[in-house]
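Quick note: the coordinates plus some simple rules give every number you see, no bench work behind them. It should be emphasised that the depicted structure is a prediction, and the values quoted were computed from it without experimental measurement. With ideal geometry, Cβ positions are generated from the backbone for all residues, glycine too; neighbour counts draw on all protein chains shown.
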Amino acid sequence: MARYHLNLETGSPGLCRAKEGNCPYESISEHYATREEAARSYEDYRQAILLENIEKITDYDVANQLMSRLYTQGLMVMAHIVDLEAEVKRDQPEEDRQQLEIILGERREEWTHLQKSTIYLRARLSRLGWEKSDNSVQH
Ligand SMILES: [Zn+2]
C-alpha cells in the first residue's frame with residue numbers, strides 16, 4: 001500500500017519509498033494513506049503553528065484566510081455539539097451515554113479554544129488592516 005510522508009518545511013507530500021521503520025521522515029512526519037490526507041494534515045499543522053504565534057502574523061491575507069478557516073471549523077464543531085446534545089438526551093444504556101458525554105466535553109473544549117483563537121486573531125487582523133490602510137494612504 002502506498003504511503004505518503006510530509007516535508008514539513010515545504011509542506012509537500014512525498015511518496016514514501018522506504019521500508020517501514022527506515023524512512024528518514026519517520027521521526028518528523030506521520031505517514032498517510034493518500035496525498036490528500038497528507039496535504040490536509042499539513043494545513044492543520046500550519047494552522048496550529050500560526051495560532052500559537054498570532055502576534056507574529058504580518059500578512060493580512062494569511063490572517064484573513066486563517067480567520068475564515070476558524071469560522072468554518074467553529075460552525076462544524078457547533079453543529080456537532082448540537083447533534084451530540086440531542087443524542088445524549090435520548091434513552092440509551094448508561095455506558096453509551098457516558099461515552100457521548102466524553103466526546104461532547106472534548107468538542108466543547110475545542111469550541112472554547114476556537115473562540116479564544118478567533119478573538120486574538122480578530123484583534124490581530126484589525127491591526128494589520130489599519131497598517132494596510134495606513135500604507136495605502138502614504139503611497
Ligand atoms: Zn516515509
Checklist outcome for this item: For segment 118-131, Karplus-derived ³J(HN,Hα) couplings (6.51, -1.76, 1.60; θ = phi - 60°; whole Hz; x for glycine and proline) come out as 4, 5, 4, 5, 4, 4, 5, 4, 6, 5, 5, x, 4, 4
Checklist entry - Can you give the calculated 222 nm mean residue ellipticity of the chain, where each DSSP H run of n ≥ 4 adds -39,500 (n - 2.57) and the sum is split over every residue, rounded to the nearest 500 deg cm²/dmol? => result -24000 deg cm²/dmol
Checklist entry - With the dipole of the chain worked out from charges on the C-beta (+1 for Lys and Arg, -1 for Asp and Glu) around the Cα centre, which of Leu84, Gly21, Ser136 lies farthest toward the positive end? => result Ser136
Item to check | Surface/4 of the Cα convex hull for segment 2-139, nm² | outcome: 12.1
Next on the checklist: Within 11 Å, Cβ to Cβ, of Gly14, how many net charges do the neighbouring residues add up to if Lys/Arg are +1 and Asp/Glu are -1?
Outcome noted: +3
Checklist entry - Over all distinct alpha-carbon pairs, what is the Kirkwood Rh of segment 76-139 in angstrom? => result 14.5
Checklist entry - Taking the Cβ of Tyr42 as the center, what net charge do the other residues with Cβ under 13 Å away carry, scoring Lys and Arg +1 and Asp and Glu -1? => result -3
Checklist entry - Which order do peptides 63-72, 91-100, 43-52 fall in by mean Cβ count within 10 Å, highest first? => result 63-72, 43-52, 91-100
